[in-house]
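First comes the structure, then the notes that go with it.
The values are calculated or read from the model by the stated rules, or taken from the named source; none is laboratory data. What you are looking at is a predicted structure, and each value in this text was computed from that prediction instead of being measured. We place every Cβ from the backbone using ideal geometry, glycine too, and count neighbours over all the protein chains shown.
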Amino acid sequence: MHHVAVLQNTIQNYSWGSETAIATLLGVQPETGIPQAELWMGAHPKAPSQAKVDDRWVSLEALIAENPKAVLGEPVVEKFGPRLPFLFKVLAAARPLSLQAHPSLQQARAGYARENQLGIALDAANRNYKDDNHKPECICALTPFWALSGFRPIDQTLHLLDTLDLSGLRDPVKQLRAAPDASGLKAFFHTLMMLAEEVKRDVSAEAAAKAAPISEKEPVFSWMMALACEYPGDIGVLSPVFLNLLQLQPGEAVMLPAGQLHAYLEGVGIELMANSDNVLRGGLTPKHVDVPELLDVLHFEPLSIRRLLPDAAIAGEGVYASDFEEFVLSIITVTAGVNFNSPANRSVEILLCTAGSAVITETEGGENLPLEKGMSVLVPAAVNQYEITGDATVYKAAVPM
């Protein structure tokens with residue numbers, strides 16, 4: 001595997017997905033009534049991409065297994081073994097996703113081994129751990145993108161709770177006010193999530209009723225109303241009160257480490273993460289919810305979310321700052337006057353063209369490939385350098401070097 005290869009990718013048809021966004025990106029006719037939630041680009045066993053090699057389609061997972069150093073590069077194989085460290089996605093949310101978090105590497109390995117020992121099938125509805133990897137991630141907006149991410153500063157949460165004045169939560173709110181720190185927040189959230197189901201229904205109904213008359217003045221309360229319409233009776237209706245609510249503008253990104261509670265609400269974005277499908281849910285979903293396991297992985301320190309814009313790297317490329325070892329996201333913009341020339345020291349990459357058209361040319365040998373909107377390609381590490389010319393926007397997933 002020594003040349004750039006076009007990819008064919010799997011679309012995940014989850015119920016919250018958009019019927020049009022991914023189809024429009026790919027330039028195909030949308031299918032009425034079929035939500036398209038995620039486009040997966042990578043080598044996860046659940047849905048590996050297919051790479052075009054010598055006029056035949058081959059699983060990227062199989063290609064890596066056959067020649068890991070040529071595809072991934074020797075440093076990546078030495079660090080992560082013979083598997084692609086990241087999973088690259090387009091995420092298209094027409095409805096809110098579940099309230100969720102992802103485990104650390106140690107937690108994922110322990111949970112995966114435990115569920116294997118219990119004999120829980122990998123595709124079982126009650127399975128928490130689909131693999132033994134952690135899942136730090138990045139979301140970058142392609143359209144205005146609403147999300148909940150990380151616990152709010154506690155004074156903000158208390159102010160919003162005071163505004164609602166929920167009769168069913170007066171004692172927990174009083175306790176949080178007496179201990180306005182991470183341990184107090186953990187106790188408050190534990191109490192909230194462990195309420196009896198009938199109490200959860202009553203609290204969420206009261207919250208929606210009190211949010212309604214003030215929803216036009218404050219996005220927190222309008223999103224509570226939206227969540228109550230989608231998931232009536234779910235305690236996750238309160239999540240905009242205790243999580244940071246943000247609207248990312250196109251080009252803005254945020255990083256989500258393991259243990260950070262979040263929910264994506266609406267919009268289309270580029271998502272890049274460690275190569276894992278491990279999700280622990282706490283609500284806002286018809287899928288399996290495991291509150292005790294979620295509570296074990298969460299971090300309760302309040303956060304101020306840092307919105308990222310790409311930092312200029314080399315001509316034509318901006319890089320989103322990240323502390324994660326498995327992946328780095330960047331945006332390549334080429335025009336008639338600006339080409340992109342890759343550095344010689346590079347790892348395996350997946351490129352996705354989201355606008356315009358371009359040509360990618362291998363520096364050695366001069367082989368070239370058109371890169372149109374919606375196309376994705378694998379650039380194996382064995383390709384020394386390449387150039388992109390044209391008028392296009394291309395997102396790049398790579399392993400930091």
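With the structure loaded, tell me whether PHE80 is crowded, with 23+ Cβ neighbours inside 10 Å and either under 29 Å from ASN345 (Cα atoms) or in the same structural domain as MET225 (by TED's automatic domain parsing) (or both) or whether it fails that test.
The answer is no for PHE80.
Kindly indicate which of ALA263, ALA253 is closer than 24 Å to LEU176 by Cβ, touching a strand residue (DSSP E or B) at 6+ places or on another chain (Cβ under 7 Å), modelled with pLDDT of 95 or more and surrounded by 21 or more Cβ atoms within 10 Å (Cβ to Cβ).
ALA263
Here are ALA37, ALA5: which of them is over 21 Å from the mean Cα position of the chain (by Cα) and either in the same structural domain as THR285 (by TED's automatic domain parsing) or in contact (Cβ under 8 Å) with a residue 40 or more places away in the chain (or both)?
After applying the criteria, what remains is ALA5.
Within segment 359-380, can you find the residues that are small (Gly, Ala, Ser) and modelled with pLDDT of 95 or more?
Result: GLY374, SER376.
So if I check each of GLY366, GLY374, GLY337, which one is closer than 25 Å to ALA23 by Cα and not β-branched (Val, Ile, Thr)?
Exactly one of GLY366, GLY374, GLY337 is closer than 25 Å to ALA23 by Cα and not β-branched (Val, Ile, Thr), namely GLY374.
Starting from residues that are small (Gly, Ala, Ser) and surrounded by fewer than 22 Cβ atoms within 10 Å (Cβ to Cβ), keep the ones in segment 368-391 and report whichever is farthest from GLY27 (Cα to Cα).
Across segment 368-391, the extreme among qualifying residues is ALA382.
Among strands (runs of 3 or more DSSP E) lying entirely in segment 331-401, which contain 3 or more residues that are among the polar types (S, T, N, Q)?
349-362
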